[in-house]
Amino acid sequence: MVINRDHENKPEASLSTSTSAGENPPVAAPTVEMLGLTRHFGATTAVNALSLAVPNGCIFGLLGPNGAGKTTTIKMLTTVLPPSAGTAKVAGFDIVRDAVDVRRNIGYVSQMISADGALTGYENLLLFARLYGIERRLRRGRVAEALRFMALEDAANTLVRNYSGGMIRRLEIAESMLHHPKVLFLDEPTVGLDPVARHAVWDHLRGLRNDFGTTILMTTHDMEEADELCETIAIMHLGQAVAIGSPSALKVQVGPDADLDDVFVYFAGGSIEHGGGYTETAQIRRTARRLG
Amino acid sequence: MAEAIQRRPRFAAPRGVSANELAMTAFIRDTTALAEVELRKLGRDPIELFTRAIQPTLWLLVFGQVFGRLRAIPTGNLSYLTFMVPGILAQSVLFIAIFYGISVIWERDLGILQKLVVTPATRSALVLGKALSAGVRGLSQGVIIYLLALLLRVPIRFGLGAIAGVLGFIILGSALFSTFSLAVACLVKTRERFMGIGQVLTMPLFFASNAIYPLSVMPAWLRALAKINPLSYQVDALRALMVEGGHPLFGLGMDLGVHLVVLAALVLLTAKLYPNVVR
Ligand SMILES: Nc1ncnc2c1ncn2[C@@H]1O[C@H](COP(=O)(O)OP(=O)(O)OP(=O)(O)O)[C@@H](O)[C@H]1O
Ligand SMILES: [Mg+2]
């Protein structure tokens, strides 16, 4: 995928202070850094002193059983939910003190399939281009770029209520990339998509990272997705990270021919014993669906 | 591709994003962007506005005609029907705006709100954008009531200033009550509770106002309530501007001031409550 970004980037190139990227990407300060991040809901501790670092340009997967605290973590990192304790920095900005700066630098795709059905894809994108504060002279170009990048040009003027699930997801990713965010947060980006749409989303996410250097933090319940797409995964359980590493390293840790399912069960499998029976799981699912 | 992953310097904002523009410019841009989108949606599906015509028609044709004959309510130099027309317009504005808050619950359930609150747009722009689009919806009620009034031969003031004033107050009143409604929605968070509370709120707001009877006939306690009810100021302004012989009781300046102050206070309050809905 060839993306021409030079027309708007050239004048600022002289400001660049970055080290030249050699064969290996340079070791940079992490783009997302959580320090003891904690969130209580009444008696529940949804996220419990979580400390994680997501390197720049990484596709990072948060895994864990229902109710592990993945969505709550993302809500705190996207400044929607204030932490009960601890701090986090996103793209160098504190999620509480510099919330607006954080929001300028992130994109977010929620757990729900959620573009506005009463508008066309183009209108949806133009709204977000304005809300993200993209300069007027660049707006149309950025919308066209996002449509092209997500292969939605033909559907640009169709009402979104006539889109397929896969197209809506791609439109949402398009919305979240308009302002070239440094970090993209995706909550279960491929849930409910057919295999073809799922692979398309993966390709587009890889493309975003490769062409724009976007750091991607996503949650998933799909082990194949984690294995294929994520370079680093963290398995969460009861609000804490119980394992961190590359999928292959974690597999080796668990056993000679373990797959990622085995890794998941090994680190978080106790969830039924820990978390109670069917009713609680059903309730968590319902809450998760309602709250995104 | 390695070159693409290289570290970028840290700016306050990504490239192409205006980080240093005036807060006011951004606020106006975000507000109009949101209002524009709502209007576009309304334009595609305007049926709802026409069904809204039924209730005010019944009030004017049935209630207005009967009470006009009775001459039970002292309305000074105005006929009762003439007195009542601006009151029913204010009522329609109230009724259409007071349930508007459900849209924020609706958008929360669809996941749209979650995306809006992670943009850099200020929360008050998100709120005022919605309020203004509700304001324009209210205008449709103005058109309907003007037509009804003409049919009923109510003496209408046709001056450009008078009509512009009426439309302006309709927008302000709709924005005010829809913001109130958004605040309630942010507090109750579910559709069912919201609909219940909406029903409970409308009638007291309507009856504790000068919409269909003047302040002078009210018992003291009701008059005290009517004087702190923003709807009374909406009615007062509409009555002064819309019909021949109408006079403002509080003064148009006072009416305008109350609208602006209450609207601003409600927008600030609702902006504070807004993120609660998605937590
Ligand atoms: N707004 C809320 N009020 C009360 N409890 C909440 C709220 N949001 C989350 N919780 C609770 O916090 C815990 C973590 O929830 P969270 O949604 O973060 O889990 P998750 O890992 O995203 O789960 P899923 O995989 O089902 O999406 C759960 O026990 C949940 O019930
Ligand atoms: Mg979740």
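Readers should treat all values here as calculations from the given coordinates under stated rules, not as data from a laboratory. Nothing here was measured: the structure is a model prediction, and the numbers come from that model. Using ideal geometry, Cβ is built from the backbone for each residue, glycine included, and neighbour counts are taken over all protein chains shown.
Counting, for every residue in A:108-114, the Cβ atoms of other protein chains within 10 Å of its Cβ and taking the mean gives 5.
Maximal additional length on extending the B:V66-B:E192 stretch stands at 41.8 nm, based on 0.36 nm per residue less the C-alpha distance.
Whole-percent P(r), the stretch B:17-278, all Cα pairs, 5 Å bins from 0: 1, 6, 13, 17, 19, 16, 12, 8, 5, 2, 1, 0, 0, 0. Per residue of A:170-180, other chain Cβ atoms within 10 Å of the residue Cβ number 2 on average.
A Förster radius of 60 Å combined with the Cβ-Cβ distance from B:R153 to A:N157 puts the calculated FRET efficiency at roughly 0.80. Between the stretch B:196-214 and the stretch A:149-217, the C-alpha centres lie 47 angstrom from each other. Counting, for every residue in A:119-129, the Cβ atoms of other protein chains within 10 Å of its Cβ and taking the mean gives 3. Loop-resident trypsin sites (Lys or Arg not before Pro) (DSSP state other than H, G, I, E or B) in the stretch B:135-189 with no more than 12 further Cβ atoms inside 10 Å of their Cβ: B:R153. Counting neighbouring Cβ atoms within 10 Å and putting the fewest first, the residues A:H204, A:H40, B:H247 line up as B:H247, A:H40, A:H204.
Membrane-span-like helices in chain B, defined purely by DSSP H runs whose alpha carbon atoms cover 27 Å or more axially and whose average Kyte-Doolittle hydropathy reaches 1.0, are B:123-151, B:160-188, B:252-273.
Judged by the mean number of other Cβ atoms found within 10 Å, the most tightly packed of the peptides B:117-130, A:184-197 leads the ranking B:117-130, A:184-197. Calculated mean residue ellipticity at 222 nm for chain B: -22000 deg cm²/dmol, from DSSP H runs with n ≥ 4 weighted as -39500 (n - 2.57), summed, divided by the residue count and rounded to 500.
Cβ crowding within 10 Å, taken as a proxy for footprinting-reagent exposure, orders A:T79, B:T51, A:T120, A:T214 from fewest neighbours to most as B:T51, A:T120, A:T79, A:T214.
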